[in-house]
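Only the coordinates and a few stated rules stand behind these numbers; no lab work does. Keep in mind that this is a model prediction, so the values were computed, not measured. We place every Cβ from the backbone using ideal geometry, glycine too, and count neighbours over all the protein chains shown.
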Amino acid sequence: MRIVVDLNRCQGYAQCAFLAPEVFVMHGEEGLLYDPEPDEAQREKLAQAVAACPVQAILVDAVETPDRRIRRSRRAHRPGR
């Protein structure tokens with residue numbers, strides 16, 4: 001998965017850094033640093049951070065792995081569907 005933070009929208013409330021400190025870190029009072037490709041183990045904390053952002057500045061893109069695409073494509077091509 002990949003994340004992007006709209007730093008023009010971010011107001012530095014730091015809810016993300018509080019809820020997912022492995023992904024987001026405040027740098028000074030207003031600067032936000034973040035890992036754009038966090039580990040899958042951070043998914044739940046990341047979801048909480050995204051939901052808690054008061055200005056909705058965090059965007060998450062679920063990146064598909066090749067094996068996921070194959071499984072999904074097989075399901076779509078089942079007879080009778």
Just flag the GluC sites (Glu not before Pro) in the range 1-52 sitting in loop per DSSP whose Cβ has no more than 11 other Cβ atoms within 10 Å. GLU29, GLU30
Once you list every other residue whose beta carbon is under 14 Å from the beta carbon of ALA17, what net charge do they have if Lys and Arg are +1 and Asp and Glu are -1? -3
Using a Förster distance of 22 angstrom, determine the FRET efficiency expected from the C-beta separation of GLU29 and ASP61, and round it to 0.05. 0.20
Karplus-derived 3J(HN,Hα) from phi for the range 18-24 (6.51 cos²θ - 1.76 cosθ + 1.60, θ = phi - 60°), whole Hz, x at Gly and Pro, runs 6, 8, 9, x, 6, 10, 10
Based only on Cα atoms, what Rg/Rh ratio does the range 7-55 have, Rh being taken as Kirkwood's radius? 0.93
